[in-house]
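Asks: Structure in structure tokens, see below.
Only the coordinates and a few stated rules stand behind these numbers; no lab work does. In this text, all values refer to a predicted model and were calculated from it rather than measured experimentally. Backbone-built Cβ (ideal geometry, glycine too); neighbour counts: all protein chains shown.
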Amino acid sequence: MKIKGIIFDFDNTLINSSKTIDNANKLILNKMQEDFKTMDLKTFDSIKKKVQKKFDRVDPLKRYKRLFYEIFAEESGLDIDAKQIDIYSEIFESHLINRMEFTEGVDEVLNGLKKRNLKIGILTGEGLYPGLKKTTLDKFDYNGKFDVKVIARNNILESKHDPNAFKKTAAMLKLKIDEVLFVGDTPEIDIDNAKAAGMKTVLFDKYNEEKHKISKS
């Protein structure tokens with residue numbers, strides 16, 4: 001079957017979200033060092049790893065903007081007050097939304113696909129907490145090039161762990177499942193579930209520093 005549409009993952013596919021988050025964390029570390037003279041990079045990274053484990057155990061739909069730094073305050077043992085939690089949370093969110101690091105060449109790729117009259121969609125996870133992914137997508141420079149933008153567990157009920165999320169996104173493009181190619185960076189979520197849905201897939205692992213792999217169902 002001829003490919004008539006491409007669906008992209010968002011994080012670490014269309015954008016370098018890992019670098020964007022790293023840069024946001026550098027800003028937060030700088031601010032914490034102003035607030036707490038004992039804070040250094042090693043301490044910050046050590047606390048952040050513990051916080052991330054606790055944060056990841058919370059259902060994404062039950063998370064909220066301040067949660068990460070509320071947990072950070074508890075884990076750090078520092079006297080981080082509510083105002084400082086608000087400031088750190090705002091620094092992180094603002095950088096994530098307004099200072100996205102785009103994947104090199106994304107503009108040329110999207111323009112090339114549109115010239116070939118291919119339909120283009122985004123299927124992305126629910127994000128760090130409700131509302132953040134929608135706001136980020138709304139700020140994405142290339143919005144006009146996409147026929148559909150789907151946020152799992154937001155404008156569809158399914159998460160990306162469910163092949164039905166991929167089937168529904170293809171249906172929104174008004175394409176048959178075998179007419180769609182999915183491009184994503186996570187083998188066990190993006191690739192496995194897209195293939196289970198019946199799509200052809202491309203593993204985009206630029207940010208995992210591995211050789212690109214192309215697989216066909």
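Asks: Do the alpha carbons of any pairs in K19/K167; K19/K53; K139/K174; K149/K195; K4/K133; K31/K83 sit beyond 22 Å of each other, and which pairs?
Replies: Over 22 Å apart, Cα to Cα: K19/K167; K139/K174; K4/K133.
Asks: Can you give me the P(r) profile for the chain? Cα pairs, bins 5 angstrom wide beginning at 0, each as a whole percent.
Replies: Percent of pairs per bin, in order: 1, 7, 14, 17, 18, 15, 10, 8, 5, 3, 1, 0, 0.
Asks: Follow-up question, since we're still on this one. What number does region 18-98 give for Rg over Rh if you use C-alpha atoms and the Kirkwood radius?
Replies: 0.93
Asks: Which ordering of R99, R63 is given by a fewest-first count of other beta-carbon atoms within 10 Å?
Replies: Fewest-to-most Cβ neighbours within 10 Å comes out as R99, R63.
Asks: Once you place label points 7 Å from the Cα toward the Cβ at F102 and Q33, how far apart are they in nm?
Replies: Output for this residue pair reads 3.1 nm.
Asks: With charges set only on the Cβ (+1 for Lys and Arg, -1 for Asp and Glu), what does the dipole of region 116-217 come to about its Cα centre, in debye to the nearest 20?
Replies: For region 116-217, the charge dipole is close to 420 debye.
Asks: For the chain, take the longest principal axis of its alpha carbons; what is the angle in degrees between that and the long axis of helix 17-35, to the nearest 10 within 0 to 90?
Replies: That helix lies at roughly 10 degrees to the long axis.
Asks: Find, among the trypsin sites (Lys or Arg not before Pro) in region 101-173, those assigned to loop by DSSP (not H, G, I, E, B) with at most 13 other beta-carbon atoms within 10 angstrom.
Replies: R116
Asks: Each residue of region 141-152 in order: what ³J(HN,Hα) in whole Hz does its phi give by Karplus 6.51 cos²θ - 1.76 cosθ + 1.60, θ = phi - 60°, with x for Gly and Pro?
Replies: So the Karplus estimates, Gly and Pro as x, are 4, 9, 3, x, 8, 9, 7, 9, 10, 10, 10, 4 Hz.
Asks: Give, in nm to one decimal, the length gained when the segment between S159 and E188 is fully stretched (0.36 nm per residue of separation minus the Cα-Cα distance).
Replies: Extending this stretch completely gives an extra 9.1 nm.
Asks: I've got another one for you. Pairs of Cα atoms under 8 Å, at least six residues apart: use those to get the relative contact order of region 18-98, whole percent.
Replies: Worked out over region 18-98, it gives 39 percent.
Asks: Could you give the semi-axes, largest first, of the ellipsoid that matches region 61-155, computed as the square roots of 5 times the alpha carbon gyration tensor eigenvalues and rounded to whole Å?
Replies: Equivalent ellipsoid semi-axes, largest first: 35, 14, 9 Å.
Asks: Please get the size of the charge dipole for the chain, origin at its Cα centre, with Cβ charges of +1 on Lys and Arg and -1 on Asp and Glu, quoted in debye to the nearest 20.
Replies: Its charge dipole is roughly 980 debye.
Asks: Taking Cα atoms, how many degrees apart are the long axis of helix 41-56 and the longest axis of the chain, rounded to 10 and kept between 0 and 90?
Replies: 60
Asks: Counting pairs of Cα atoms in region 108-198, how many percent are more than 14 Å apart?
Replies: 65
Asks: If you don't mind, there's one more thing I want to ask. Can you find, among F140, L78, I120, the residue sitting farthest towards the positive end of the charge dipole of region 30-146, where Lys and Arg contribute +1 and Asp and Glu -1 at Cβ?
Replies: I120
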